[in-house]
Structure formats: structure tokens, C-alpha cells
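K.L.:
My structure is below; once you've seen it, I'll send some questions.
The values are calculated or read from the model by the stated rules, or taken from the named source; none is laboratory data. Keep in mind that what you see is a predicted model, and the values were worked out from it rather than measured. Neighbour counts run over all protein chains shown; Cβ positions are idealised from the backbone, glycine included. In case anyone asks, the SASA skips ligands and DNA or RNA and just uses the protein heavy atoms, side chains included. Shrake-Rupley method; radii C 1.70, N 1.55, O 1.52, S 1.80 Å.
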Amino acid sequence: MKAKKFINSMVIISMVGMLMAACTNSPNPNSNSNQPSGENSETVTLTFGALGGSNLMDEKWWPDDMTVEIEKKLNIKLEWEIYDMDKLNLALAGNDLPDMMAIPVSYVQQVLDSKLAVPLDDYLDEYGTNIDSYTTRNDIVRKFLSNEDGKLYFRTPNTSLEGGDIGSEGWAGYVVRWDLFKQLGAPKIANDDDYIHVLKQMRDLQPETETGQKVYGMGIPGADGLWQWNIGKFATMGYVNNTTWGYASSVKDNSLIQNYLDVDKSPFWAAMKLFNRLNREGLFDPDSFTMKSEEMNEKAARGQYVGAKITWDVGKYNEAMKQADPNTIKGFMAIPAEGQYSWYGERPIAGWGDKEMFITSTSKNIEKAVQLFDFLDSPEGNRLHYSGVEGKHWEYKDGVPTIMQSTIDLRNSGNSDEWSKTGIGSMHNIIGAGGKSKHPDGYAYDLFQTKEALLATLSPLQKDFAKHYNVEYPGQLQMNMVAEGKHFDQSSSLAATINIGIGGAPSDISRIDAKMDEIATKAIPTLVMAKNDEEFNAARDKFIKDINAAGADKAWQWWQQQWNASREYVMSVDKK
Amino acid sequence: MFDIVNYAFFALLIILCLYPFWYMLVYSISEPSLAAKGITLFPRGFTLFNYKKVMELEGIYNAFFISVMRTVTGTALSVFLNALLGYLFSRTEMPGRKFLYRMLLVTMYVSGGLIPYYLVIKNYGLLNNFFVYIIPGAIAAFNVILIKTFIESLPDSLQESAMLDGAGYFTIFSKIIMPLCLPIIATIAVFSAVGNWNSWFDNYIFVSSDNLRTLQLTLYEYLNEAQTLARLLQESGNIEDYKRTMEKSLTPRGVQITVTMITTIPILLVYPYMQRFFIKGIMVGAIKG
Amino acid sequence: MAIPLMALVFLFSYMPLFGWIYAFFDYKAGIPLFENEFVGFKFFELIFTDKADMIRVMKNTLIFAFIGLALSPLPMIFAIMMNEIRFKRFKMFVQTATTLPNFVSWIIVFSLTFMIFSTEGLLNQILFSLGLVSNPTNILTNGEAVYWFQTVLGIWKGLGWSAIVYVASISSIDQEMYEAAVIDGAGRFKSALHITLPGLMPTYIVLLILGIGNFLNVGLEQYLVYKNALTADNIEVLDLYVYRLGISNHDYSYGVAVGILKSVVSIILLVIANIITKKVRGSSIF
């Protein structure tokens, strides 16, 4: 009987405990204020948790040169923990958050409501002067991400008041197998018609791989999701995406359109038309509907494609060819067309809004965490991230900060393990500024983006391409065209910032959005595989009917309203 | 005739079941660059590169040790508790038997959801605790039911004669029931062992300490890397993330397959020993006589 | 003696049920429960709002469930057939070999099937070189074939494993009965039919009833891996549907509401199945 009693009381105790946990698990922000402030003399371990796209940090190389520097400078040992939605929910519910977190904007409201984010304002004077110096970003963050109390709870990475450069080459455009394209005499590609024609000719030059597999014009790792079907046309037509694919915002004037319903303008429909025509020509890989990028990578590496929607789809081919022959010019390059867009130059004036970083009120080392945030916003931290350690990876030559030859050699050598160990570029999801932003020494943080450094890192393929088009490096082709007004970059786009203002959609809206995405996912094969125009049009009409039935109107009203309000504010801040 | 059909059927089945394993074995020892070109029956080149790569993973030996520990202790505990409970439920004279048995049965079909489960585990102090691997799942209704059903199919006369000899419940349980139940006990031991060995979710959710990391979580992360990234990208919408994800070298297929081999081989080594018990048991007749 | 054991069950299976209350709030993790908006039965109603989707998903779930039900004797039959293998080493070997697929995770199974069945896969190469097809077929994109293809995959992966219980049960059958049957002149087939099969029946019935309780839980992982745009309509079962909605909507409470409904349905089915068994066989399982 005793045992029974014991169990009874245990049950009651745990029941009570649980109810208390369920009812009162709001953290008490005051409970931490008595903690001794982190002394600079002892090393503190801070854990950084990240959800969503933020979690692409390559922790497996730690400690790398970056984390070693941080430990040396700040006495902070950084640990990185990956969260998915389940785990984040548990951590939130159980109050088991790490010291710092990065979350997408859709979770911001939840974090604010549960008072889990520390307002940084009290710490800025003492520890956060660099944080404070990002005034535009902080303005927008205070306005949109504060439950309207005007405090600064979040910081975002990669803030840049001026647009970045394209880098050594562009990734969007009409992607072709350069060696074959050259054999054809590198004809001009002005539109999809020309492109299809070129793909066909290239395929005919090489109808089979060396091992006898069939070669296609292009393939899509379609099972990876909608973005794989959309992104190519988004990029070249000058639209920017959101987290749902139902809407597209124009780079030109930051207006929003309905991606699924605006048949004439939208990138979705342009993509569907292109893939459908490729399919009718027998140029489209029929496995596109089942492939995930893993399968696609294997096929690409085998050389089964002569084109692609974007260059990264087939990057594995370039790698494989380069491995077999370092001097090869076999590989894919993007050809920019007149009147189209390239994806570069956007100005994230309030940083990347899908990665809001905050310090958790349960952290025992809030001051230290603020110091880390501050360092990531500081000129020193930014240069460290983009260009490496001074004296080891870059140095001042006659007052000009320059990447050292050994660093360039290392990056070119293809020894990815050793390169990864430098950690250069690895903190892109938490670093404060964009690479083109200027260090107080007057030069950009990213020293690899100087023309000299770019030229030094070109592959034989890129050199060949540049030579053909009479430019110094491939990216210059787009830049020159933009300067001539024949091609466009994204410098007028403020979409990333406007999206911060929109925040997460309420659940009835996001349910509609999710439904539309699902309808689109299912409709794609029918559209792409339509045998003739009648079939395509019939499938299109049915699709539009389904989308409307899903409540597209209601969601569109919400989005338009939110978008316009946010756009107005962001544009006014931008003008300042 | 019956034999011929039967043997032919099983021969075919064996091919169907073994080929994927053969394929994985061959793939794992082929030159990675050649393997990507496609493999059917024989290895292309020969290398232990993949195995070396896996063996070099940080903490892999400790993870192996933890996995073995949880499998051994988890199985032992689970078999003992389930067998005991199954036996108790087979005794008609047990007070409240029907009610408790139904209570147990219901647990197979209800769940409070992840968050409350987490809070419960947290309140019991089991977060980051080795015991979270073996205690919460120790009693599985399914296993108890199997054992109870098995015991009930045994002739009653056995127990009755033991009762007449004046043996207590526990003596009957350990001296008569357990030996008679060897086949079913071996079965639930295998279920429980494989379940323990293969489980990663409790590790993922409840244990963040690297010292307590299991082999299966490592395997899971390698296998699902691409899927996890794809899912997370939905949340992001950030083109830089897409780009970096696509450019990032995912774990090569060869390494994925090798990890699968490495986690399966221990099962294959132990399994045949357990098999003897399914087939033999102790002949019912032997005890009766 | 059963009390401490049941206490364990209570602690880990019943305590978490307090979470059912979340279904009645618009619960956002991190915010204390009672500060979330109380929404009553909103999430339960939501489940039935999307009628077209719900009907489709239930149809798929029921199809898979009924196929599963119809094939439920397979492991038992398989075990009996295995038992008829006289050569003992071969029997052991068969038994080990057929459990192997159970250990291959669905992701790997998917890449194996992709290798075999995709447009350029092994199967098409063979068919093509034999001149049997001119256009490659790809079963992975065949929406109509979903039901039987997924069933076949499921059987391949699980048959040997599910047979273990029956293999064990066979050993509990009194050997004297076989000996008596031989004396009576019964062949092996007859013995199997009249002794082994009835001997396995109690186990089969128990598993069948438990399975009926799990009618709506047809699984997730397999279907998740094989879902693509072309199979989506037919492969999306209840669990997969809820999983998808959960990811895109962050509705924790919705998932709880579905869970509660499923539990209720399960238990009702279980009770009905048990009552029927009692009527038909004269004994119930609980």
C-alpha cells in the first residue's frame, strides 16, 4: 500500500508541476538581471540557435579561423544549434532557448508576445555602439518588429545601403553548356524562342553522354518544391519572391502581383510556358517531376543536360569537369539577354528579414551576447567575415587592404576542407553588413570583390567566356549591359525590407496561401506535359478556377493592403 | 510439388530482399566517382574510402557505444517488464485486471502531442539524461498483449499443476512461464532491440548533449540532410539560402549508403542468435511429460 | 505487482494527455497557455471546412487501410510457408533475408526505386533493350498506380518482419498434434491447414483487432518520400495531410485536434471490432 501512496503523491506532484509549467511558463525577465555581468577575463560559451534558412552554417568546420578570432577577441566560445519547427516549438514551450536565436519573420510575433527577446536598448550605450550605428535598419526593425513599443528587439544580417556587385559571374539568364554553345558560334539569344532553338542544336551536337545516357535540354529537381519551378523566371523577368509563391514583387517599382493569376505578366506562367514548349520539343527531362536535387546532381554531373534554368542546377557538372581536367572549358554559363534582369544589386537596407536575431531573456550572459552582436556589426567583424584574418589572409599593401596571394591560391586550389577551415564567408547569416559596405579604411569589407581579386580567381571556363565577350570577367558582361541600360539589376528593389514590414500572415491567410501553393504543385505536371495549346489552355483555366476557389481573393486583399502599407513606410525611410 | 513451388518462391523472394543490400554493399565499396555513373551488379573499382570517411566522423565511436548501451539495457528492461505485466494480465484472479488491461490498450491509440510530452519528460528531469532512452518506452502495450496472448495459448494445466505444488506467482513466472515463453520473449526482445537501435527521435528531441548522442541520429541527419534543407528553405524564401544550399556539397550518396550498412550490420550479426529461440522454444510436450 | 508497472504507463502515456487542452486554444508555443486565445471547437470545425480535400484524403487513407486489412493474413501465411521449409539452414537463411528490407530506411528505398523505375532506370533499360517498350514508363509518376505500388513496396519491406510473431507462435503449437496427424495419415498441407493455422488464429485475431484500431494511422514516412506532383492526389493520406498543413501554417493546435479525433475514432473502432469478435468467436481480446 505504501508504494501506492508514494505513486499517488508522485502523480499529484507531477500533475501540479505540469499545470504550473503549462500556465506560468512565461519567463521572468527580471530573474536574470542579477547575474554578474560577463567578465572579459573568462571565456563564456554562448549558444546560437537558428531556424529555417538561417541554419546553413557549416559548424562541422569549427573551430575555424573565424571562431578562433571571436574567442580571442571577446572571450566567447560560440556553439551553433540547429532547430526545426518542432524543436523550436518545444524550446519555446519549455523555455529551453539558447542564448541567441535567429528566426524567420513569421515567428517574431510569437517571440514578442512571449517576451522571450531582450530589448537591446539598455545595452547599446555600453556594449552596442556598432549595433546602434545601423540607423536605417534599426529604425525599420523598431517600427515593424516591436509590438509597437519602439524598442529594438532584433537585429538582421547583411544590411547594405548600396547594392552589391554581381561577382565573378551571374547565375540567372539563358544557361548554356559553354563548349557546345561556342561550337554553335555563340549565337545571340534574345528570348525563349532563341533559347529553345539553341538548346535543341546543342542537344543535337551531343545527343548522348559518353556512357550512353540520353541528353536533355534541361531538367528541374521539381520534387524539391515550387521554388525550383519559379526562381529562374523570377530572376530574369525582374521579380522577387516571398516565402509563399503566390505573389511576386516587381524589381522595377516594388509593386506586387499575383503570381498564379496574372497570366500575362507573372514569372510562374512564363516558366510554365517555357517548360511546356521544351517538353513538346522533347528537350525536357521527364524525371523532373520526381527528382530531388540529389538525383538531379548526379544526372548533371554525368552531363545529361545542355541547359538549365539557373547555373547552380548544373554546377556539379562544372565541378566534375574541372576535376577531370583543370583547364577544361566544359561547363555552364548564363547568357544575359537584353531587356531582362540579373539577380544582384538589391539593397537590403534593413538586412535579410528572414533571419531576425535576438538575445533570449533566459540567457545568463546577456551582456556577452550583446557584445557578440556588436562585434558582428563592427567594421572589424565584417572584414573578418568577408576577407579573413588580417596578416593571415589579407594585409595592407601601401595602405590598401589586399587579399594575400596565398589566400587566393588556397581558394583556387579546390581543397575545400582547408578552405572551409578559414571560415571566410561562413557567417553570412549573422554578419552585420553586406560585402560591398565600406570599412573605415575606405575599402569594401569584401576584398575578394575587387577586380584584381576577381581576376585572380577566374576558372579557365570563365576566362574563355570573358574573352569571347570581350570583358575582363564574366560578371562584367551584365554590369556593362546594365550601365548601357540594356539590362537591369535589382538596385531599385526593396522587397526584402518590405517583407519585414509584412511579418507573418495570420493563419487564415497563410492557410489560403498554402492551399494555392499545393494546387500549383499539383497542376505543374499537367501544364508542362500538355501536348498542344488547347490542352495547355484547358489546364490553365482549370488551374485558375481552382486557385480562385481556394480563396485567392481574400488572401490577395490582405497581401495588397499589408504590402502597400509597408512599402510606403520603407520607401519613405529609404529616401531619407 | 508443394516443395518445389515453395522453394522457388522463397528463392525469388531472397533475391528480391538481398539485392538491395548487395547493391548498397557494392556501392559503398566502389570508387565514389565511378559509382555515381551507375551500378548494377558488381563494384566499380574498389575502395574503403567511404568506410574510412564514416569512421573518421567526430564522436562516432562514442555514439556507437551509447547506441549499444541503450539497446542492451533498454531491451533487458523492456523484456522483463513486459513479460511480467503480460503474465500478470493473464492471471484471471488479478483484481481490476480488465480495467487496467483496457487502460493499457488505450495507450496504443492516444497521444497528447509533442509539446506536452516534452514538458512531461522535462518535469521528470529526463532531459539530457540517458534514462530518457530506456524508461519512457519500457512498457509497450503491443508487447504486453503479445505475451499475454501467447501465455493464454499455453495449456492451463501447466500452471495449475505448479500451483498445486505450492509455487508462488513469481516462481511460476520465472520457472515455468519464462522458459515456455522463450519464442515470444525472443520476439519482443528483437522488436525492442531493433526499436532501440533504430530510434533517433528521442535523441533529437530530448538530448542535446554530444556525449549521449546515438549512432542513429547521426545516420538520420546524413540521410535526411537534403530533405531537411528543402523543408527549411520553405521558411526562408531567401535566394542566398537557396543558392548556398544548392552549391553546398550534400553528404555523398556513397557515405549515406555506407552509414546505412554500418548501422545494419550489427543487427545482422546478432539476429541469427535470436532466431534459434523463435524456432525452438522449449517443447511444450517436454514439460508436460 | 501490476500497480508500479501501470504507474509507469500512467506517467508516460496518460500524463501528456493534458495537452489535449491545447486543441481548444490558438496555441503559440512560448506564450503561457491561458494567455492564448480560447477558440473552442474552431480547430475541429476547421478539419471539416475543407471538404474536398478531406474527402480525398480520407478516401486515400481508407483505400490503404482496406488494402492493409485485406492483406493482413499475409505474414501468417508467409510464416506457415516458411515453417514448411524442411532444410533447416535454408529456413534460417530465408528468415534472416526477408527481414532485411525492414532495416533499410525509406529514403534509401526511394533512391533504390528511383534507380530501378525512373525513366532511365534499370527496368526501362531492360524493357527497352528487349524491345518491349518504345517509350519509357515511370511508375513513380503514375498517379493511378500509387495504391498497389505503395502496397507492394510496403509488403516487400515489412513482410518478413511481421512474420516473426507468427514464427514464434508456431513453436508454441503442441508437437504431439502433428505427430498424431501423421499417424492419422494427414499430409503436410493438411497439417498446416488443420493444426498450424488454427494454432496461429488467436495471435492473428489479436493483431487484426489492434490493426483495426489503427485504421486511420496508415503511416507517414513512406508516403512522404514518394509524394510528388503527380502522385500527390492519391498518395496523400491523413497523416501526411496534417503534416503538410502543420508545416505551412504553424498551427500546433490543429494537429492536436486531429490527434484527438483520431484517438476517438480508433477507440470506437477497437471496441466495435472487439464486440464483433466476441459475437463471432465467443471470446473477446479485452
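K.L.:
If you take the residues in segment C:25-54 that are of a type in the set (Lys, Arg) and surrounded by 12 or more Cβ atoms within 10 Å (Cβ to Cβ), which one is farthest from the other protein chains (Cβ to nearest Cβ)?
P.N.:
My answer is C:Lys42.
K.L.:
Taking segment A:274-293, which residues are outside any loop (DSSP other than H, G, I, E, B) and in contact (Cβ under 8 Å) with a residue 60 or more places away in the chain?
P.N.:
A:Leu274, A:Phe275, A:Asn276, A:Arg277, A:Leu278, A:Asn279, A:Arg280, A:Phe284, A:Asp287, A:Ser288, A:Phe289, A:Ser293 - these are the residues of segment A:274-293 that are outside any loop (DSSP other than H, G, I, E, B) and in contact (Cβ under 8 Å) with a residue 60 or more places away in the chain.
K.L.:
Right, here's the next one. If I ask for residues that are more than 10 Å from every other protein chain (Cβ to nearest Cβ) and touching a Phe, Trp or Tyr at 6+ places or on another chain (Cβ under 6 Å), which ones from segment C:99-138 would you list?
P.N.:
Once the filter is applied, which keeps residues that are more than 10 Å from every other protein chain (Cβ to nearest Cβ) and touching a Phe, Trp or Tyr at 6+ places or on another chain (Cβ under 6 Å), segment C:99-138 yields only C:Leu123.
K.L.:
Hey, another quick one. Residue check: is A:Lys77 assigned to a helix (DSSP H, G or I), at pLDDT 90 or above and not assigned by TED's automatic domain parsing to the domain that holds A:Gln206?
P.N.:
Here the answer is no, as A:Lys77 does not meet what is asked.
K.L.:
Can you find, within segment B:130-149, the residue that is farthest from the other protein chains (Cβ to nearest Cβ) among those that are assigned to a helix (DSSP H, G or I) and free of Cβ contacts under 8 Å to residues at least 60 places away in the same chain?
P.N.:
Restricting to residues being assigned to a helix (DSSP H, G or I) and free of Cβ contacts under 8 Å to residues at least 60 places away in the same chain, the top hit is B:Phe131.
K.L.:
Condition first: under 27 Å from A:Arg540 (Cα atoms) and in contact with a strand residue (DSSP E or B) (Cβ under 9 Å, 6 or more places away or on another chain). Now tell me which residues in segment A:288-312 satisfy that.
P.N.:
Scanning segment A:288-312 gives A:Ser288, A:Gly307, A:Ala308, A:Lys309, A:Ile310.
K.L.:
Conditions first: (1) more than 14 Å from every other protein chain (Cβ to nearest Cβ); (2) open to solvent by 10 Å² or more (accessible area, probe 1.4 Å). A:Val141 passes all but one, so which condition is the exception?
P.N.:
(2)
K.L.:
Take segment C:5-60 and flag every residue that is of a type outside the set (Val, Ile, Thr) and closer than 30 Å to B:Ala83 by Cβ.
P.N.:
Within segment C:5-60, C:Leu5, C:Met6, C:Ala7, C:Leu8, C:Phe10, C:Leu11, C:Phe12, C:Ser13, C:Tyr14, C:Met15, C:Pro16, C:Leu17 meet the criteria.
K.L.:
Between C:Val182, C:Val242, C:Val218, which is of a type outside the set (S, T, N, Q), closer than 30 Å to A:Phe289 by Cα and free of Cβ contacts under 8 Å to residues at least 24 places away in the same chain?
P.N.:
Only one candidate passes the filter, namely C:Val242.
K.L.:
Which residues, counting only those in segment C:136-151, are more than 16 Å from C:Thr61 (Cα to Cα) and either among the acidic types (Asp, Glu) or under 21 Å from the mean Cα position of the chain (by Cα) (or both)?
P.N.:
Selection gives C:Leu140 alone.
K.L.:
Still on this model: Of C:Leu269, C:Leu240, C:Leu207, C:Leu197, which residue is open to solvent by less than 30 Å² (accessible area, probe 1.4 Å) and either out of contact with any Lys or Arg (no Cβ under 8 Å at 6 or more places or on another chain) or of a type in the set (A, V, I, L, M) (or both)?
P.N.:
Unique residue meeting the criteria: C:Leu240.
K.L.:
Taking segment C:249-273 as the region of interest, how many residues are touching a helix residue (DSSP H, G or I) at 6+ places or on another chain (Cβ under 6 Å) and farther than 30 Å from A:Asp508 by Cβ?
P.N.:
3
K.L.:
Of all the helices (runs of 4 or more DSSP H) wholly in segment A:461-556, which have at least 3 residues that are under 30 Å from A:Asp287 (Cβ atoms)?
P.N.:
A:507-528, A:533-549
K.L.:
Are any residues in segment A:376-398 buried (at least 22 other Cβ atoms within 10 Å of the Cβ) and under 23 Å from the mean Cα position of the chain (by Cα), and if so, which ones?
P.N.:
A:Leu376, A:Asp377, A:Gly381, A:Asn382, A:Arg383, A:Leu384, A:His385, A:Tyr386, A:Ser387, A:Gly388
K.L.:
Could you grab me the full set of residues in segment B:5-44 that are assigned to a loop (DSSP other than H, G, I, E, B), more than 21 Å from C:Leu123 (Cβ to Cβ) and open to solvent by 40 Å² or more (accessible area, probe 1.4 Å)?
P.N.:
Scanning segment B:5-44 gives B:Glu31, B:Pro43.
K.L.:
What helices (runs of 4 or more DSSP H) lie completely within segment C:175-286 and have 1 or more residues being among the hydroxyl-bearing types (Ser, Thr, Tyr) and away from chain A (no Cβ under 14 Å)?
P.N.:
C:175-183, C:188-191, C:197-213, C:252-281
K.L.:
Return yes when A:Ser493 is at pLDDT below 90 and within 27 Å of B:Asn238 (Cα to Cα) and no when it is not.
P.N.:
no
K.L.:
Could you list, in sequence order, all residues of segment A:39-69 that are assigned to a helix (DSSP H, G or I) and either modelled with pLDDT under 80 or open to solvent by 40 Å² or more (accessible area, probe 1.4 Å) (or both)?
P.N.:
Within segment A:39-69, A:Gly52, A:Gly53, A:Ser54, A:Asn55, A:Glu59, A:Lys60, A:Trp61, A:Val68 qualify.
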